[in-house]
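Enquirer: Submitted below is the structure of interest, expressed as structure tokens.
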């Protein structure tokens, strides 16, 4: 498989062989940092270690086991499943068929999936994390529209599975609480919940606002506090003292002192991280090359081709072009957000507010957990290391919904009848081209 990332970054070679259901919540593969992946990483690891590898005759541990080529079909299948669920989620959110298809295509074709072919933790976790999150939203909307207990049960089970999958579920928590606060405060947004199954009854007169606040805000917040209680022993050291891969900006005052410059550095890191996450989320729609200097992509020795620049530095300008792309794209998206909010302010159609708000909130909250991570040049790195979109996978889902909704608006103005299928096919080929072009020259 491409890349050199190990399938299991565990501290001991026989760690999975000694794993039990009693220690699974407290198992660690990053020194003292607990993963807490009861419903994703660890079950897949257990099944692999005790069923799949013996079935294939693969020694454990071994190089063949580490590369995990046996998971390629599974990963491709899971990406397809995620795309199908995105399609049905878009329909549940009231998008039409073709726009829902565009949503599924943008998510399923996104170049960020490529990273998983070199890291088993991504293969085991990211598809399941997305599936649990989409199921939770699907069942939640179903419950609000039908008021049937099966919808509430499906939502609660899906949300619990999401919490057990990965720490990035907290990104989803921000989205879910804010989305339901929007539904609670904005009557036009709530009006989108009224359909045939609710017999056009006023949702406010049937206790809809109370259900939204109780189960959509209070319930997930309570679960969050329970979760943080489990994580409290490790999060403190991770936030304040760690200098490793996932060190946070809160560690700066402890290592550099409390001068005013340190706080500015913390804010600067968080701001740049935000621009990188947004840019990497939306770039596949806009251009077919990666957010890198061509010197980095082609691995040119710029000191030879630009000797005057080499007098100062032969790499920094070319690496910083990634941050330039990120600032440009995130600035563009921020301006588009302002325009969209102004557009929605004048709209009486609650359906548009409902769909676009879900997409915008997911896009902006889908990377918040990684926002305070100490700045890393992930996106400027050559090779597959630059494709760390799993860190903002919920943002990709949110932008996919936005693309589908905007495509519905655009197609309604530029095409009629069969022409809608033709222009949608053209868009599909464009997405295939842009995403494929971003991964073909990876080292």
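This table checks each residue for (1) modelled with pLDDT of 75 or more; (2) part of a loop (DSSP other than H, G, I, E, B); (3) under 19 Å from residue 278 (Cβ atoms); (4) in contact with a strand residue (DSSP E or B) (Cβ under 6 Å, 6 or more places away or on another chain).
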{"site": "303", "(1), (2), (3), (4)": "no, no, no, no"}
{"site": "308", "(1), (2), (3), (4)": "no, no, no, no"}
{"site": "312", "(1), (2), (3), (4)": "no, yes, no, no"}
{"site": "318", "(1), (2), (3), (4)": "no, no, no, no"}
{"site": "324", "(1), (2), (3), (4)": "yes, no, yes, no"}
{"site": "328", "(1), (2), (3), (4)": "yes, no, yes, no"}
{"site": "331", "(1), (2), (3), (4)": "yes, no, yes, no"}
{"site": "335", "(1), (2), (3), (4)": "yes, no, yes, no"}
{"site": "338", "(1), (2), (3), (4)": "yes, no, yes, no"}
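Enquirer: As an exercise: evaluate residue 257 against (1) in contact with a helix residue (DSSP H, G or I) (Cβ under 9 Å, 6 or more places away or on another chain); (2) at pLDDT below 75 and give the number of the one condition it does not meet.
Expert: (1)
Enquirer: Output the residue which, of all residues in region 236-254 that are touching a strand residue (DSSP E or B) at 6+ places or on another chain (Cβ under 9 Å) and part of a helix (DSSP H, G or I), is modelled with the highest pLDDT. Don't jump to the end; show me each part of the working.
Expert: Our first condition is that a residue be touching a strand residue (DSSP E or B) at 6+ places or on another chain (Cβ under 9 Å); within region 236-254, this holds for 237-240, 242, 244-249.
Those still in the list that are part of a helix (DSSP H, G or I) too: 237-240, 249.
Details: 237: 59, 238: 58, 239: 60, 240: 60, 249: 85.
Only one residue tops the list, namely 249.
Enquirer: Mind counting the residues in region 125-175 that are touching a residue at least 24 places away in the same chain (Cβ under 8 Å) and not in a helix (DSSP H, G or I)?
Expert: So the answer is 6.
Enquirer: Can you tell me which residue among 221, 217, 186 is under 23 Å from the mean Cα position of the chain (by Cα), closer than 30 Å to residue 146 by Cα, modelled with pLDDT of 85 or more and surrounded by fewer than 17 Cβ atoms within 10 Å (Cβ to Cβ)? Full working, then the answer.
Expert: On the way: 217 fails: surrounded by fewer than 17 Cβ atoms within 10 Å (Cβ to Cβ); 186 fails: under 23 Å from the mean Cα position of the chain (by Cα).
Of the residues listed, the single one that is under 23 Å from the mean Cα position of the chain (by Cα), closer than 30 Å to residue 146 by Cα, modelled with pLDDT of 85 or more and surrounded by fewer than 17 Cβ atoms within 10 Å (Cβ to Cβ) is 221.
Enquirer: While we're on this one: Scan region 74-84 residue by residue and report those that are surrounded by fewer than 22 Cβ atoms within 10 Å (Cβ to Cβ), touching a residue at least 12 places away in the same chain (Cβ under 8 Å) and either in contact with a helix residue (DSSP H, G or I) (Cβ under 6 Å, 6 or more places away or on another chain) or under 18 Å from residue 393 (Cα atoms) (or both).
Expert: Of the residues in region 74-84, the ones surrounded by fewer than 22 Cβ atoms within 10 Å (Cβ to Cβ) are 74-81, 83-84.
Imposing the further condition that a residue be touching a residue at least 12 places away in the same chain (Cβ under 8 Å) reduces the set to 74-75, 78-81, 83-84.
Residues satisfying the conditions are 75, 78, 79, 80, 81, 83, 84.
Enquirer: Scan region 109-123 and give yes if some residue there is in a helix (DSSP H, G or I), at pLDDT 95 or above and touching a helix residue (DSSP H, G or I) at 6+ places or on another chain (Cβ under 9 Å), otherwise no.
Expert: Yes; the residues of region 109-123 include at least one that is in a helix (DSSP H, G or I), at pLDDT 95 or above and touching a helix residue (DSSP H, G or I) at 6+ places or on another chain (Cβ under 9 Å).
Enquirer: Taking residue 399 as the residue in question, decide whether it is over 19 Å from residue 83 (Cβ atoms), in contact with a helix residue (DSSP H, G or I) (Cβ under 7 Å, 6 or more places away or on another chain) and buried (at least 22 other Cβ atoms within 10 Å of the Cβ). Before the answer, list the steps.
Expert: On the way: over 19 Å from residue 83 (Cβ atoms): no; in contact with a helix residue (DSSP H, G or I) (Cβ under 7 Å, 6 or more places away or on another chain): yes; buried (at least 22 other Cβ atoms within 10 Å of the Cβ): yes.
Against the criterion (over 19 Å from residue 83 (Cβ atoms), in contact with a helix residue (DSSP H, G or I) (Cβ under 7 Å, 6 or more places away or on another chain) and buried (at least 22 other Cβ atoms within 10 Å of the Cβ)), residue 399 does not qualify.
Enquirer: OK, next. Among what's in region 274-298 and is at pLDDT 75 or above and in a loop (DSSP other than H, G, I, E, B), pick the residue that is farthest from residue 362 (Cα to Cα).
Expert: 293
Enquirer: Here is a further query. Filter region 107-131 down to the residues that are over 12 Å from the mean Cα position of the chain (by Cα), within 17 Å of residue 169 (Cα to Cα) and buried (at least 24 other Cβ atoms within 10 Å of the Cβ) and list them by number. Step through it out loud before you land on a result.
Expert: Pass one, region 107-131, residues over 12 Å from the mean Cα position of the chain (by Cα): 108-109, 111, 114-121, 123-124.
Those still in the list that are within 17 Å of residue 169 (Cα to Cα) too: 121, 123-124.
Residues satisfying the conditions are 123, 124.
Enquirer: In region 254-276, which residues are without any contact (Cβ under 8 Å) to a residue 12 or more places away in the chain and either closer than 14 Å to residue 370 by Cβ or over 26 Å from the mean Cα position of the chain (by Cα) (or both)?
Expert: Matches in region 254-276: 256, 257, 258, 259, 260, 261, 262, 263, 264, 271.
The values are calculated or read from the model by the stated rules, or taken from the named source; none is laboratory data. Only a predicted model underlies this, so the values are computations on that prediction, with no experimental measurement involved. Quick reminder, even Gly has a Cβ in these numbers, built from the backbone with ideal geometry, and neighbours come from all protein chains shown.
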